[in-house]
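Novice: Quick one: structure below, then a few questions.
Any read-out appearing in this document is the output of simple, stated calculations on the displayed coordinates, not a laboratory observation. Keep in mind it's a predicted model, so treat the numbers as computed, not measured. Methodologically, a virtual Cβ is constructed for each residue, glycine included, from the backbone with ideal geometry; neighbour enumeration extends over all protein chains shown.
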Amino acid sequence: MFSISTLVDVVRIPPSLFGTTLKKAAVNILKEKYESMINADLGYIIMILDAKVDEMGKMIAGDGGTFHKVEFEALTFYPKLQEIVQGEIVDITDFGAFVRIGPTDALLHLSQVMDDYLKSDVKSGMILASQSGRTLKVGSTLRARITAVSLGKAAAMGKIGITCRQPFLGAEDWIKEEIKKAGGGKEEPAKKEKVEAS
């Protein structure tokens, strides 16, 4: 789930940035420190949107920079368990596929694609189902449910697991087929019969 988070920090403005505006200098420092970072509480920090910098800074003896308190907004993405996400397959491996959801990739293991015997063809970038004939390939878009999230300190890149083994999940054409089978397709309007009065 994407959200805008408000954070507070103290930034050190080095003497080399004294010629630029305080806000611009602080935003550049915050971007270097936070963008592309994974935080266990916030998830993926995508970008710094805005910052309010205290004009009155502090100096420390022996340091030429100034330290300023800053309140800033960041665009974040925190994948939540059971959340339904839309993604695009970016890589096929022997054990499944990596699906781009938001700013990161999630693992769709072969066992979580569908109830069918599956074969992964890494060279052609496809996953083939032997009974149904369905396929997934690099570039396919799909809908999936998040089943595992690990964003702690041990997971430097973060790990996300997803599944398509539930109704109305998977590739777009699979979902359309399921909707038609469930009676959600377009139905013929009922014909009116003429009743003659006797």
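Novice: Give me the log10 of I(q) over I(0) for segment 108-147 at q = 0.17, 0.24, 0.26, 0.27 Å⁻¹, as the Debye formula computes it from C-alpha points; what are the numbers?
Specialist: Debye output, listed in q order: -0.44, -0.86, -0.99, -1.06.
Novice: While we're here: Residues with amide H under 5 Å of SER140's amide H, sequence separation 5 or more or different chain, H placed in the peptide plane at 1.01 Å from N; which?
Specialist: For SER140, the qualifying residues are ILE89.
Novice: If you don't mind, there's one more thing I want to ask. Among 85-93, 131-139, 175-183, how do they line up by average Cβ neighbours within 10 Å per residue, starting with the highest?
Specialist: Going from most to least packed, we get 85-93, 131-139, 175-183.
Novice: Let me know the Rg and Dmax you get for segment 2-77 when you use only its Cα atoms, in Å.
Specialist: Every Cα atom of segment 2-77 included, Rg and Dmax give 13.0, 42 Å.
Novice: What order, most packed first, do the peptides 94-103, 165-174 have when packing is the mean number of other Cβ atoms within 10 Å of each residue?
Specialist: Peptide ranking by packing, descending: 94-103, 165-174.
Novice: Please name whichever of PHE2, ASN28, ILE45 sits farthest to the positive end of the charge dipole of segment 2-67, dipole taken about the Cα centre and charges placed at Cβ: Lys and Arg +1, Asp and Glu -1.
Specialist: ASN28
Novice: Sticking with this structure for a sec: Considering only DSSP beta bridges with both partners in the chain, what is the antiparallel share in %, to the nearest 5?
Specialist: Bridges in the chain are about 95 percent antiparallel.
Novice: While we're here: Tell me which chymotrypsin sites (Phe, Trp or Tyr not before Pro) from segment 1-75 have a DSSP coil assignment and no more than 15 other beta carbons within 10 Å of their own.
Specialist: Listed in order of number, the matching sites are PHE18.
Novice: Amide H to amide H, which residues 5 or more places from LEU49 or on other chains are under 5 Å from it, using H placed in the peptide plane?
Specialist: The list, which skips near neighbours in sequence, is GLU73, ALA74, LEU75.
Novice: Over the residues of the chain, compute the C-alpha Rg and express it relative to 2.2 N^0.38 Å.
Specialist: 1.56
Novice: Further question on the same structure: Given Cβ point charges of +1 (Lys, Arg) and -1 (Asp, Glu) and nothing else, what value in debye, to the nearest 20, does the dipole of segment 25-137 about its Cα centre take?
Specialist: 220 debye
Novice: Could you run the Karplus curve 6.51 cos²θ - 1.76 cosθ + 1.60 with θ = phi - 60° over segment 129-134 and give me ³J(HN,Hα) per residue in whole Hz, x for Gly and Pro?
Specialist: Listing the rounded values in order: 9, 6, 7, 7, x, 5 Hz.
Novice: Out of segment 44-81, which GluC sites (Glu not before Pro) are coil in DSSP terms and have no more than 16 other C-beta atoms within 10 Å? It would help to have the intermediate numbers written out before the result.
Specialist: Details: sites: GLU55, GLU71, GLU73; in loops: GLU55.
Of the GluC sites (Glu not before Pro), the ones in loops of segment 44-81 whose Cβ has at most 16 other Cβ atoms within 10 Å are GLU55.
Novice: Another one. Given labels modelled 7 Å from the Cα in the Cβ direction, how far is it in nm from PHE168 to GLU83?
Specialist: 2.0 nm
Novice: Hey, what do the phi angles of segment 86-95 turn into as Karplus ³J(HN,Hα) couplings, whole Hz, using 6.51/-1.76/1.60 and θ = phi - 60°, x for Gly and Pro?
Specialist: Result, rounded to whole Hz: 9, x, 10, 5, 10, 7, 10, 10, 4, 9.
Novice: Now for a separate question. Can you give me the angle between helix 172-181 and the longest principal axis of the chain, using Cα atoms only, in degrees from 0 to 90, rounded to the nearest 10?
Specialist: 40 degrees
Novice: While we're looking at this one, here's another question. Taking Cα atoms, how many degrees apart are the long axis of helix 22-34 and the longest axis of the chain, rounded to 10 and kept between 0 and 90?
Specialist: Computed tilt is about 50 degrees.
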